[in-house]
Amino acid sequence: MMRAIWILLLVLAAALGPSGPVRAAAGSPTILEDLQYQVSLGMWQDLARVHLRLFRVEPGRFRAEVTGAAQGAWKILNRWLPERYETEMALEGGRLKPLVFREVFEAQGQRISKEYRFDYAGEVLESWRGVDGRGPVREWQIPLKEPVYDPFTLFYNVRLGAMGPLKPGQVLKVAAIPNPEPREMVINLGQKTRHSWKVMLSVKFKGGAEEYGPYFLLFTPQKVPQTAWMRVLGVAKLSGELLNPQGIMKDGIPGAPQLSQQNGASGKPPAPALP
């Protein structure tokens, strides 16, 4: 259940739209956005606090991360909480490509670090795993024949318009990071009003059973999620809620074409949808 909290917030973090820059200290990456979310579970309203950050590392290179900690008495659960999810991305041709996706968590008393490395020149995707601080060892390697995305990169590309125009009732299926079996993220775009847009996301083995989800997100008309939630143990509602909506900035990822916030179009033909 506890890891589900972080998967939920990873989904929420990834869905956040890019924002205008805020300068960090000299020599540090530029902070594009730093938002804080509160995690609740049923009647417990402040189980954890999570920061969602997007950095510009250098021109055309970006890093998205989610970090956080349990609050109050819930701090006893910290040893079950993953410490970090992180993606390094490159902007090419108006579209973001994942370079490395990392996660750090504890499992069966061990501290696990995993990296998924995208080698586009060699057309392979590699999984590396380290335990308790020891150097990573390659777990597997598979051909990289189609666009494969982690949740961060997928949703930033949605915000950039790289998946083409979106409308209610549409279902998007995108290849997710394998395990090493092929998986896909399935996004159902639901009811849309003047004030909100409901979205449901799940991760499934390709052509098979559901692995994670479903997760539900509520977006503003500008496709910025305010809340995300899921059901755990069949009855309890696990949710993440934005605490500082004033932190949502409006400019965009530097160097990337942006869609109009009013009508979802930039006046130029949309980029073709991903396979």
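For segment 79-222, a simple Cβ point-charge model (Lys and Arg +1, Asp and Glu -1, everything else neutral) yields a dipole of about 560 debye relative to the Cα centre. For segment 182-224, the share of alpha carbon pairs falling in successive 5 Å distance bins from zero is 6, 24, 25, 17, 13, 10, 5, 0 percent. Here the residues GLU211, GLU58, ranked from fewest to most Cβ neighbours within 10 Å of their Cβ, fall in the order GLU58, GLU211.
Coordinate-derived values only; no laboratory data. Since this is a predicted model, take the numbers as computed values, not measurements. Because the Cβ atoms are built from the backbone with ideal geometry, glycine has one as well, and the counts that use them run over all protein chains shown.
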